[in-house]
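*Asks:* Provided herewith is a single structure, encoded as structure tokens, for subsequent inquiry.
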Amino acid sequence: MSQQIWKLVIVAEEILSKKLIKLIKAAGATGYTVNAAGGEGSRNVRSTGEPSVSHTLANVKIEVLTGTRELADTITREIEAKYYADFSIITYIYPVEALRDHKF
């Protein structure tokens, strides 16, 4: 059995990862996945590249699956209010089909 759920994707500076995870949990999400990310955008090239002394140039991609669009929107609004102005960060939401529907 499958169910439509919502996938919130957050691509942000790695320095924010702990704060974003705390925000995600406080909003009521039951889980998330974090991956290293790199790329190029309006705020220049960012890459995970070779190991370095500082992680300030690294990005993360955080994926959150939610049972409702409202929860994904709530998390996005909080991120926008707290971090959009001062950090390299983008969020997007799209519907996906969960094959383990009882998890959501």
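*Asks:* Residues in segment 32-48: is at least one in contact with an Asp or Glu (Cβ under 6 Å, 6 or more places away or on another chain), at pLDDT 95 or above and aliphatic (A, V, I, L, M)?
*Replies:* Taking segment 32-48 and keeping what is in contact with an Asp or Glu (Cβ under 6 Å, 6 or more places away or on another chain), we get 33.
Of the ones still in play, those that are also at pLDDT 95 or above are 33.
The next check asks that each one be aliphatic (A, V, I, L, M); those that pass are none.
Within segment 32-48, not a single residue is in contact with an Asp or Glu (Cβ under 6 Å, 6 or more places away or on another chain), at pLDDT 95 or above and aliphatic (A, V, I, L, M).
*Asks:* Moving on. Tally up the residues in segment 12-31 that are open to solvent by 50 Å² or more (accessible area, probe 1.4 Å) and either of a type in the set (D, E, K, R) or at pLDDT below 55 (or both), please.
*Replies:* Going through segment 12-31 one residue at a time, the tally reaches 5.
*Asks:* Something else now. For segment 49-65, how many residues meet the condition of being open to solvent by 50 Å² or more (accessible area, probe 1.4 Å) and either at pLDDT 90 or above or of a type in the set (S, T, Y) (or both)?
*Replies:* First, pick out the residues of segment 49-65 that are open to solvent by 50 Å² or more (accessible area, probe 1.4 Å): 49-57, 61, 65.
Keeping just the survivors that are either at pLDDT 90 or above or of a type in the set (S, T, Y) (or both) gives 52, 54, 56, 61, 65.
Number satisfying all stated conditions: 5.
*Asks:* Could you please find all residues in segment 91-101 being within 18 Å of A12 (Cα to Cα) and surrounded by 15 or more Cβ atoms within 10 Å (Cβ to Cβ)?
*Replies:* Within segment 91-101, T91, I93 qualify.
*Asks:* Examine segment 66-81 for a residue that is at pLDDT below 95, surrounded by fewer than 14 Cβ atoms within 10 Å (Cβ to Cβ) and charged (D, E, K, R), and state whether such a residue exists.
*Replies:* no
The values are calculated or read from the model by the stated rules, or taken from the named source; none is laboratory data. In this text, all values refer to a predicted model and were calculated from it rather than measured experimentally. Virtual Cβ from ideal backbone geometry, glycine too; neighbours counted across all protein chains shown. When the accessible area is computed, the model is the full protein with side chains, heavy atoms only, and any ligands, DNA or RNA have been set aside. Shrake-Rupley method; radii C 1.70, N 1.55, O 1.52, S 1.80 Å.
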